[in-house]
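Asker: Input: one structure, supplied below.
The values are calculated or read from the model by the stated rules, or taken from the named source; none is laboratory data. Keep in mind that this is a model prediction, so the values were computed, not measured. Positions of Cβ are backbone-derived with ideal geometry, glycine not excepted, and every protein chain shown enters the neighbour counts. With ligands, DNA and RNA removed, areas are computed over all heavy atoms of the protein, side chains included. Shrake-Rupley method; radii C 1.70, N 1.55, O 1.52, S 1.80 Å.
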Amino acid sequence: MRIASLNGRASLVISGGFIDVHEASEGKLSTSIRENLSRLDELRALNATLEGTNVSADDIAELSNDERLDVVVDSPQQIFCVGLNYREHAVEMGLASPKAPMVFTKFVSALSGQHALIPVVSEQTDWEAELVVVIGSGGRNIDKESALDAVAGFAVGQDVSDRILQMAGTNAQFSMGKSWPNFGPVGPWITTLDEIAHPEDLAISCAVSGTMYQDSRTSDMVFSVSEIVSYLSTVVELRPGDLIFTGSPHGVGQGQNPPLFLKPGDNITTTIEGLGILYCEAVAAGS
Ligand code: ZN
């Protein structure tokens with residue numbers, strides 16, 4: 001099942017088109033994706049009823065070129081980001097791989113959806129392709145073995161980063177440098193885990209203006225999705241619609257030789273196997 005936010009309303013991606021969840025359920029399910037995530041079984045039943053013919057993955061991907069899709073959850077109660085969660089990325093950043101998950105946040109007003117316009121706020125505005133976990137049932141003290149049961153699905157994200165602000169503190173404080181407007185695009189939709197054969201091993205890539213800079217697999221994570229979900233839940237209660245940015249593979253701008261950053265006009269294309277393609281464009285700050 002694929003759940004999209006079309007003009008701010010929960011929609012199912014079916015038969016090459018979008019179907020409004022609230023209308024198709026005759027008002028039983030919400031227009032809000034976040035509210036529906038705690039009722040995934042009902043949403044699944046609706047999806048099964050509506051699903052007619054098989055839709056090829058290629059047709060679905062093409063829809064994202066034409067349609068305005070908002071961030072998959074526009075009002076999560078919590079957003080978590082995990083830093084340095086791929087070994088080679090820690091190396092290119094000149095930082096040690098963490099022994100426990102390194103957690104920071106992206107403030108909620110940084111979220112955006114498909115075709116996000118990313119302001120180039122500094123000379124070191126950088127890209128980070130990331131798998132984004134969308135929490136379903138959530139909870140506390142979730143063990144690693146059942147962690148994926150608490151997850152509704154995955155989406156494609158970018159943890160856009162202003163490296164100057166990220167590293168400005170005496171001890172680096174990541175959250176502000178990752179929270180400029182539109183620095184958290186997530187899309188094109190939520191793909192539920194039943195659609196994903198190997199949820200912990202997906203190809204992930206990022207191209208900037210046609211050049212592929214990141215090309216990796218999520219199995220290279222230091223801490224797997226299950227470990228991250230379990231770890232977070234030992235401290236905080238995970239709630240339906242919470243988002244977890246799970247870290248970037250190597251190949252960010254900072255890691256190029258010489259370093260290379262976004263400039264206005266760049267297209268950023270982020271792809272994760274089975275989850276679709278997220279398109280963003282860098283624009284001049286203040287434009
Ligand atoms: Zn990141």
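Asker: Which of the following residues is open to solvent by less than 40 Å² (accessible area, probe 1.4 Å) and away from the ligand (no atom under 16 Å from the Cβ): Leu260, Leu278, Leu238, Leu232?
Answerer: On inspection, the qualifying residue turns out to be Leu238.
Asker: Return yes when Leu202 is in contact with a Ser or Thr (Cβ under 7 Å, 6 or more places away or on another chain), within 25 Å of Val13 (Cβ to Cβ), open to solvent by less than 10 Å² (accessible area, probe 1.4 Å) and modelled with pLDDT of 95 or more and no when it is not.
Answerer: yes
Asker: How many residues, within the range 134-187, are closer than 20 Å to Gly286 by Cβ, assigned to a loop (DSSP other than H, G, I, E, B) and open to solvent by 10 Å² or more (accessible area, probe 1.4 Å)? Break it down stepwise before answering.
Answerer: Of the residues in the range 134-187, the ones closer than 20 Å to Gly286 by Cβ are 160-165, 176-185.
Narrowing the set further to residues that are assigned to a loop (DSSP other than H, G, I, E, B) leaves 160, 178-183.
With the extra rule that they be open to solvent by 10 Å² or more (accessible area, probe 1.4 Å), the set shrinks to 179-182.
So the count comes out to 4.
Asker: Sticking with this one: If Phe223 meets every condition in (1) within 30 Å of Arg44 (Cα to Cα); (2) more than 16 Å from the ligand (Cβ to nearest atom); (3) touching a residue at least 40 places away in the same chain (Cβ under 8 Å); (4) touching a helix residue (DSSP H, G or I) at 6+ places or on another chain (Cβ under 8 Å) apart from one, which number is that one?
Answerer: For Phe223, the failing item is (2).
Asker: Suppose the filter is within 20 Å of Leu40 (Cβ to Cβ) and surrounded by 19 or more Cβ atoms within 10 Å (Cβ to Cβ); does Ala197 pass it?
Answerer: no
Asker: Pick from the range 246-257 the residues that are in a loop (DSSP other than H, G, I, E, B) and open to solvent by 10 Å² or more (accessible area, probe 1.4 Å): which of them is nearest to His198 (Cα to Cα)?
Answerer: If we take residues in the range 246-257 being in a loop (DSSP other than H, G, I, E, B) and open to solvent by 10 Å² or more (accessible area, probe 1.4 Å), then His250 is nearest to His198 (Cα to Cα).
Asker: Given the structure, is Leu243 away from the ligand (no atom under 14 Å from the Cβ), of a type in the set (A, V, I, L, M, F, W, C) and open to solvent by less than 60 Å² (accessible area, probe 1.4 Å)?
Answerer: No, not satisfied.
Asker: Of all residues in the range 197-216, which are in contact with a strand residue (DSSP E or B) (Cβ under 7 Å, 6 or more places away or on another chain) and either within 14 Å of the ligand (Cβ to nearest atom) or among the aliphatic types (A, V, I, L, M) (or both)?
Answerer: Correct list: Leu202, Ala203, Ile204, Cys206, Ala207, Val208, Met212, Gln214, Ser216.
Asker: Regarding the range 21-32, can at least one residue be identified that is under 19 Å from Val151 (Cβ atoms) and outside any loop (DSSP other than H, G, I, E, B)?
Answerer: no
Asker: Residues that are hydrophobic (A, V, I, L, M, F, W, C) and either surrounded by fewer than 17 Cβ atoms within 10 Å (Cβ to Cβ) or away from the ligand (no atom under 14 Å from the Cβ) (or both): list the strands (runs of 3 or more DSSP E) wholly contained in the range 68-133 that include at least 2 such residues.
Answerer: Passing ranges, in order: 116-120.
Asker: Same structure, new question: Could you look through the range 39-59, keep only residues that are touching a strand residue (DSSP E or B) at 6+ places or on another chain (Cβ under 9 Å) and small (Gly, Ala, Ser), and pick out the one that is modelled with the highest pLDDT?
Answerer: Once the filter is applied, the top-ranked residue is Gly52.
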